[in-house]
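The values are calculated or read from the model by the stated rules, or taken from the named source; none is laboratory data. On a predicted model such as this, the values are computed, not experimentally measured, just so you know. Note that each Cβ is placed from the backbone with ideal geometry, even for glycine, and that neighbours are counted across all protein chains shown.
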Amino acid sequence: MNERQRAFFHQRLLTLRQETLGTMEELQASLRATVREPDEADQAAQEEEQRLVLRALDRDTRLLDKIDAALRRLATGDYGYCLETGEPIGVERLLARPTAEYAIDAKTRRETVEKHYRSG
C-alpha cells in the first residue's frame, strides 16, 4: 500500500469513527429521553424499542473498537494485511470494509469453522 492509499484509508477510518460516535450519541440521547408509559402495552413496546437501541449501541461500540484497531494497524504499517496469512487484503475489500482484518479467503474459512462450532 502506498502513502496516498494509507492517507486515504486513514481519513476514511477517521470519518467512519466520527459518524459512529455521532450515531452513538443520538442513540444514547434517545435512551435518556425515554419516559415510562403507564399502559402495559405501551410500556412493552417502549421496552422493545429500548432493547433495539441498546443492541445498536453494542454494535456501534464493537465497530468503534474495530476502527481503533484498524487505525493502530495503519500507524504500525500492518493495515491492509491479513492477520492470519500476512497476505494483502486487497484495496477492493478495504473499500467495502475499511476495518477488514482478514483476506476474503481467510475470512471465509473462519466463518465456516465458526458455523461448524455453532451448529455442533
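In the stretch 1-18, the qualifying residues are those that are free of Cβ contacts under 8 Å to residues at least 40 places away in the same chain and under 15 Å from L71 (Cα atoms), and the one that is surrounded by the most Cβ atoms within 10 Å (Cβ to Cβ) is F8. Taking the criterion of being part of a loop (DSSP other than H, G, I, E, B) and either touching a residue at least 24 places away in the same chain (Cβ under 8 Å) or touching a helix residue (DSSP H, G or I) at 6+ places or on another chain (Cβ under 8 Å) (or both), the residues of the stretch 21-38 that qualify are T34, R36, E37.
Just to be sure, is D60 under 17 Å from E19 (Cα atoms) and acidic (D, E)? Yes, satisfied. Here F9 meets each of (1) within 17 Å of A75 (Cβ to Cβ); (2) assigned to a loop (DSSP other than H, G, I, E, B) with one exception, condition (2).
Under the condition of being under 16 Å from the mean Cα position of the chain (by Cα) and surrounded by 14 or more Cβ atoms within 10 Å (Cβ to Cβ), which residue from the stretch 80-96 is farthest from T20 (Cα to Cα)? Reasoning before the result, please.
First pass over the stretch 80-96, keeping only residues under 16 Å from the mean Cα position of the chain (by Cα): 93-96.
Filter again for surrounded by 14 or more Cβ atoms within 10 Å (Cβ to Cβ), leaving 93-94.
On the way: R93: 20, L94: 18 Å.
Restricting to residues being under 16 Å from the mean Cα position of the chain (by Cα) and surrounded by 14 or more Cβ atoms within 10 Å (Cβ to Cβ), the top hit is R93.
Would a scan of the stretch 24-38 turn up a residue that is within 30 Å of N2 (Cβ to Cβ), loosely packed, with under 11 Cβ neighbours inside 10 Å and β-branched (V, I, T)? No, because not a single residue in the stretch 24-38 is within 30 Å of N2 (Cβ to Cβ), loosely packed, with under 11 Cβ neighbours inside 10 Å and β-branched (V, I, T). Among the residues of the stretch 44-92, those that are of a type in the set (D, E, K, R) and closer than 17 Å to H10 by Cβ comprise K66, D68, R72, R73, D78.
Yes/no matrix, rows are residues, columns are (1) among the acidic types (D, E); (2) modelled with pLDDT of 95 or more; (3) not in a helix (DSSP H, G or I):
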position: T15; (1), (2), (3): no, yes, no
position: E19; (1), (2), (3): yes, yes, no
position: A41; (1), (2), (3): no, no, no
position: L57; (1), (2), (3): no, yes, no
position: T61; (1), (2), (3): no, yes, no
position: L71; (1), (2), (3): no, yes, no
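When restricted to residues that are under 17 Å from N2 (Cα atoms), in a loop (DSSP other than H, G, I, E, B) and hydrophobic (A, V, I, L, M, F, W, C), the stretch 83-96 contains 1. In the stretch 54-72, what residues are within 23 Å of A106 (Cα to Cα), in contact (Cβ under 8 Å) with a residue 12 or more places away in the chain and not aliphatic (A, V, I, L, M)? Listed by number, the residues that qualify are K66, D68.
Somewhere in the stretch 39-59, is a residue of a type in the set (D, E), over 30 Å from A100 (Cα atoms) and in contact with a helix residue (DSSP H, G or I) (Cβ under 7 Å, 6 or more places away or on another chain)? No, the conditions are met nowhere in the stretch 39-59. In this structure, D65 qualifies as acidic (D, E) and closer than 29 Å to E3 by Cα.
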